[in-house]
1. Please compute the contact order of the range 16-78 in relative form: average sequence separation of alpha-carbon pairs under 8 Å and at least six residues apart, divided by the residue count, as a percent.
2. Based on the Cβ-Cβ distance of Lys58 and Val16, what FRET efficiency does E = 1/(1 + (r/R0)^6) give at R0 = 25 Å, to the nearest 0.05?
3. Sorting check: for 35-43, 47-55, which peptide has the highest mean count of neighbouring beta carbons within 10 Å, and how do the rest follow?
4. Please compute, for the alpha-carbon atoms of the range 1-60, the extent along each of the three principal axes and give them in descending order in Å.
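Taken together, the values in this text are just the output of simple stated rules run on the coordinates, not laboratory data. No experiment lies behind these values; they were computed from the predicted model shown. Neighbour counts run over all protein chains shown; Cβ positions are idealised from the backbone, glycine included.
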Amino acid sequence: CDCSGFTMLVYGHFGVSIPHYSYSQENYGREVKSLSDAKAGDLICYGDHVAIYMGNDKMVAAANPKDGITVGTADYRKIVTIRRLV
């Protein structure tokens, strides 16, 4: 699945409905001011990419068909917004 499909499926598993487009997901929930205020489960939005924050500056996301679901550093590129949905 793609990045927004991954986040949609994970949140859906927990009963939270979000759209299947990264740009749409940027507007859901409430904004978290900075990565230092982020909690596990928050969405990290990078504009054309979205991931789920795991804590300790780590995120999990659908990378690409070859690499699949990956764990990486949350600030690996410019963060557009952080969203708390639950």
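1. Working: 77 pairs, mean separation 13.4, N = 63.
RCO, the range 16-78: 21 percent.
2. Details: r = 21 Å, r/R0 = 0.84.
The value I calculate is 0.75.
3. Details: 35-43: 15.8, 47-55: 18.4.
By packing density, highest mean first, the sequence is 47-55, 35-43.
4. 27, 21, 20
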